[in-house]
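So the structure is just underneath, and the comments pick up after that.
We did not get these values from a lab; they are worked out from the coordinates using the rules stated. Quick caveat, the model's predicted, so the values are computed rather than measured. Here the Cβ positions follow ideal geometry from the backbone for every residue, glycine too, while neighbour counts run over all protein chains shown.
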């Protein structure tokens, strides 16, 4: 594997250890929902990726615990290298609803496949991925909420690919069953920026 392709795979690992970066708020904690999000990632020194994610969240039989699954795909490139990422994870959310806000802890674990190609050559690799984080959902009114979260993410089969990410999301319910959401996240280790937007369907 050339150094160029290896750097592309590490770039992908830094791009997102898991799809756990999805916003959790919008008064969604503790509810049953499916979500579809589009994402756009950029880095301060160049490079970008576009993709999408789907998620399913179900409250467990234990009070204050949600369980779910997430799947995501993104492709793009940097410095002439074409890249793509396919990942999936299971997650759990421990929360405690308070008057007007809900603090929570979130953990996810899964698997990711990374692929990089350059001038007719390609390489791929995969890794166990996980994330742990803490956040708070703050209700603004009956329809809107803000979600704030900080998380640590890692793809264990790559060196120096772990990172800390801060995220802020805005969620707005357009009906009893459908909500819109947007979010911005900053990866402070690779100087990455992620913008997401999508819809949530309660059922």
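Summary table below
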item	result
Proxy reagent accessibility, fewest Cβ within 10 Å first, across 60, 124, 190	60, 124, 190
For the chain, built as a Gaussian network whose Cα springs stay under 10 Å, the top-fluctuating residue of 82, 171, 53	82
The chain: angle of helix 3-15 to the longest principal axis, Cα-based, in degrees nearest 10	0
Ranking of 137, 39 by count of other Cβ atoms within 10 Å, fewest first	39, 137
All-pairs Cα distance distribution in the chain, expressed in whole percent, bin size 10 Å	9, 37, 34, 15, 5, 0
Label-point separation, residue 166 to residue 50 (7 Å along Cα→Cβ), nm	2.9
Ranked packing of 43-50, 129-136, 114-121, most packed first, by mean Cβ within 10 Å	129-136, 114-121, 43-50
Whole-number percent relative contact order across the chain, with pairs defined as alpha carbons under 8 Å at least 6 apart	23
GNM result for the chain, Cα springs below 10 Å: residue of 66, 191, 37 fluctuating most strongly	191
For the chain, calculated [θ]222 nm from helices alone, where every DSSP H run of n ≥ 4 adds -39500 (n - 2.57)	-2000 deg cm²/dmol
Order of 69, 81 under a 10 Å beta carbon neighbour criterion, fewest first	69, 81
